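First the structure, in the form of structure tokens, and then the observations on it.
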Amino acid sequence: MSLNIIVLAKQVPDTRNVGKDAMKEDGTINRAALPAIFNPEDLNALEQALRLKDANPSSTITLLTMGLPRASEIIREAIYRGADAGIVLTDRVLGGADTLATSYSLAQAVKKFGKFDIILGGRQAIDGDTAQVGPQIAEKLGIPQVTYAEEIIELKDGYVTVKRRLENGVETVKAPLPCVVTVNGSAPACRPRNAMRVQKFKYAASPSEAAKLSDERKALLEKRPYLNLQEWNAAFVEADPEQIGLPGSPTKVKAIENVVFTAKESRQLDDSDAQIEELVKELIANHTIG
Amino acid sequence: MNQNNLIVYLEFEDGRVADVSLELLTKGRTLASKLGVELEAVVIGDNLDGVEEQVFPYGVDRLYKVSDKRLAPYTSNPHSAVLINLFREIKPQACLMGATCIGRDLGPRVSSCLHSGLTADCTALEIGDHTDPKTGKEYKDLLLQIRPAFGGNIVATIVNPECRPQMATVREGVMKKEIFDPNHKGEVIELDPKKYVSDEDFVVEIIDRHIEKSKINIKNSPIIVAGGYGVGSKENFQLLFDLANTLGAEVGASRAAVDAGFTEHARQIGQTGVTVRPKLYIACGISGQIQHIAGMQDSSIIISINNDPNAPINTIADYVITGNIEDVVPKLIKYYKKNSK
Ligand SMILES: Cc1cc2nc3c(=O)[nH]c(=O)nc-3n(C[C@H](O)[C@H](O)[C@H](O)COP(=O)(O)OP(=O)(O)OC[C@H]3O[C@@H](n4cnc5c(N)ncnc54)[C@H](O)[C@@H]3O)c2cc1C
Ligand SMILES: Nc1ncnc2c1ncn2[C@@H]1O[C@H](COP(=O)(O)O)[C@@H](O)[C@H]1O
């Protein structure tokens, strides 16, 4: 069986390692200080796609991402790990999109892409932590969704069986294809890059990247079509201008504040027996404990 | 038809309305009163007898019940279909849901279909006015949806000026649950499921399900002993359990401790765990990153035990004990036993 698999992935600022220089004086984010990474749970989704391809080797995996032109970095990363191709949906008019405008734009790209069997995405992206884009794309495409997936147990006869990891348990569900499956961080980690694929695809480039390359590298792209990564814009996916970008977003950011915690006047103690006994007595006396 | 009210989606399992839903009713009651509208609730499932008794004391004015065997347990499309069709009729101005596996599966689907904005994981909800910075257009009494963004490093206030309902999800424990009036009575409206959901919506089949109610109840414990990565190992975490048992406390953890496998996820406190506000919070080997503090800063008294005198958590602590967990925790146990009663 050859499956046509789409993986949704996002390039995100690495909010997990936010250093002191990540916030500017005025309390806004200094995006430049944060490295851009492959959204972690999207790598879990890619691994599930690669496993489907392991079981059905004639399948193709296409990465779809919406973002800045530099998002083709994560497409190369996915190709090094075993994906076949990638599309960056990029356009200035798509900027400032909330999750609804993002889902609409990505759903338009999926429609342009054509026939597919399954869409895999991460549960959520670490910059927004909303977990909304997957289900919203499913709704826009009019297909079912399976969220919080930990493992694709089986895909056959037009159905996919998925194990879901919920707050307080697990659930196994069977959904008809095509559908959207969003994958949890608790799913198996993505396999590493394959050295041969790195060799083969390291010069892969998108049109925006190609524009800045030497003539020699441009010639290489012409000679080897598989090195050309695709870039699509809003017009190409026939996106309604009213539904994309900032104007197409029902939610608006009214205000942004830096997080500040009010420091307390703290009592400093050391680990000596005397000080700890005194603390315990005090807490008992004022009925905090006991 | 009553329109323009505030509605809460109730999660319901094994005869009980989920805590997170009751917390949202408490919040929703305050917001609805402020807006001068009614508080409505909707419950979708099977065997819904008695749900009204559970929710009326929280101030619900109207409860919509949609009952069908196939609607329990929860699946995405049928529950979405009910809400979408119901909301088209009753046009609520705002809808609140738990930021749970259910709410975060259902909310996006409903908001996508109704083209209404949805803000996930709000930590505060208020009513306020908004002026569009570009057009200068003024909006009165919007739902201000406040949430951390960027991994918790900033707090953003989100509004949905034009689209209705204004939708928001909130995690369990973030809002307080409080009886509004034990004698409050509302109206019950039983809806015919056939009018709201069609056979084609039942596309996803649940083959197997193991849901266990977590026995861990850190949210309601007056004393919490929380361990971080600095505790060092699963074995050392036992020290915290010993202290907790001595004090009649529960054990909580930072995400780093959970990720390292020192203890289970149900104990995680913070932005992606539970929010707690105990009388006493003892933070053991926790550095105090923003995402952790977000879930415990409202504790009445905070004790930090850390071998780094400059750990960020120390700034919000009432007592800072500089030392190693291995030394300090046994001493706390010893002197408590010696001095209590
Ligand atoms: C989107 C997002 C959501 C997150 N959500 C959460 C969340 O919900 N909850 C959460 O907790 N974190 C969350 N985090 C992670 C958070 O940023 C921190 O990484 C985490 O809280 C750190 O845990 P820690 O303090 O235990 O570990 P560390 O930062 O490694 O701190 C360990 C501390 O232990 C001290 N120590 C070491 N050895 C000893 C010893 N022997 N005795 C005493 N002290 C010792 C050290 O001095 C240090 O202060 C989130 C992060 C992101 C990006
Ligand atoms: N701009 C994007 N491009 C491609 N996929 C995306 C994008 N935004 C979100 N996704 C997918 O949707 C998931 C949930 O994202 P979010 O709703 O932003 O938390 C991510 O893990 C991705 O799989």
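The values are calculated or read from the model by the stated rules, or taken from the named source; none is laboratory data. Since the structure is predicted, the reported quantities are computational estimates derived from the model, not experimental observations. Positions of Cβ are backbone-derived with ideal geometry, glycine not excepted, and every protein chain shown enters the neighbour counts. We work out accessible area using only protein heavy atoms, side chains counted, and drop any ligands, DNA or RNA first. Shrake-Rupley method; radii C 1.70, N 1.55, O 1.52, S 1.80 Å.
Laid out as a table, the results:
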{"quantity": "Relative contact order [Cα under 8 Å, 6+ residues apart], chain A, whole percent", "calculated": "22"}
{"quantity": "Student exercise, segment B:6-202 dipole from Lys, Arg, Asp, Glu Cβ charges, in Debye to nearest 20", "calculated": "560"}
{"quantity": "Cα shape, segment B:223-339, gyration tensor, a/c 1.5 rule", "calculated": "rounded"}
{"quantity": "Fluctuation leader among B:Gly323, B:Gly295, B:Gly227 - chain B, Gaussian network, Cα springs under 10 angstrom", "calculated": "B:Gly323"}
{"quantity": "Distance between modelled label sites at B:Lys334 and A:Met196, nm, 7 Å Cα→Cβ extension", "calculated": "6.4"}
{"quantity": "Cα-based reach from B:Lys195 at 17 Å (exclusive), listing aspartates and glutamates while leaving out same-chain residues under 8 positions away", "calculated": "B:Asp46, B:Asp68, B:Glu89"}
{"quantity": "Segment A:200-236 residues near the modelled A:Arg92 label - backbone nitrogen below 14 Å, point 7 Å along Cα→Cβ", "calculated": "A:234"}
{"quantity": "Potential lengthening between A:Leu68 and A:Asp240 on full extension [0.36 nm per residue; Cα-Cα distance subtracted]", "calculated": "60.0 nm"}
{"quantity": "Inter-probe distance in nm under a simple model that places probes 7 Å from Cα toward Cβ, at B:Glu212 and B:Lys140", "calculated": "5.4"}
{"quantity": "With Cα atoms, 0 to 90° folded angle of helix B:76-90 axis to chain B main axis", "calculated": "60"}
{"quantity": "Spin-label pair A:Ala211/B:Ser198, simplified geometry with 7 Å Cα→Cβ offset, distance in nm", "calculated": "4.6"}
{"quantity": "Linear extension gain, A:Ala36 paired with A:Glu154, 0.36 nm per residue minus alpha-carbon span", "calculated": "39.1 nm"}
{"quantity": "Calculated FRET efficiency for the pair A:Asn168/A:Ile256, C-beta based, R₀ 35 Å, to 0.05", "calculated": "0.55"}
{"quantity": "Alpha-carbon centroids, segment A:235-289 and segment B:291-341: separation in whole Å", "calculated": "18"}
{"quantity": "Gyration tensor (alpha-carbon) shape descriptor, the protein assembly as shown, a/c threshold 1.5", "calculated": "oblate"}
{"quantity": "Segment B:6-202, relative contact order [Cα under 8 Å, separation at least 6], %", "calculated": "30"}
{"quantity": "Restraint check, B:Lys27/B:Lys194; B:Lys69/B:Lys194; A:Lys281/B:Lys337, Cα-Cα greater than 21 Å", "calculated": "B:Lys27/B:Lys194"}
{"quantity": "Buried accessible area, chains A and B (both chains, 1.4 Å probe, Å² to nearest 100)", "calculated": "6700"}
{"quantity": "Cβ neighbours within 10 Å from other chains - mean over A:160-167", "calculated": "4"}
{"quantity": "Accessible surface of chain B, 1.4 Å probe, proportion on carbon and sulfur as whole %", "calculated": "47"}
{"quantity": "Between segment B:248-265 and segment B:117-152, the Cα center-to-center distance that results, in Å", "calculated": "33"}
{"quantity": "Segment A:Asp273-A:Asn4, length gained on full extension (0.36 nm per residue, minus Cα span)", "calculated": "90.2 nm"}
{"quantity": "Within a Gaussian network of chain A (alpha carbon springs, distance under 10 Å), most fluctuating of A:Ser266, A:Ser249, A:Ser214", "calculated": "A:Ser266"}
{"quantity": "Residues of type lysines that A:Lys212 reaches as a straight line, Cα spacing below 17 Å, ignoring anything fewer than 8 places off in the same chain", "calculated": "A:Lys202"}
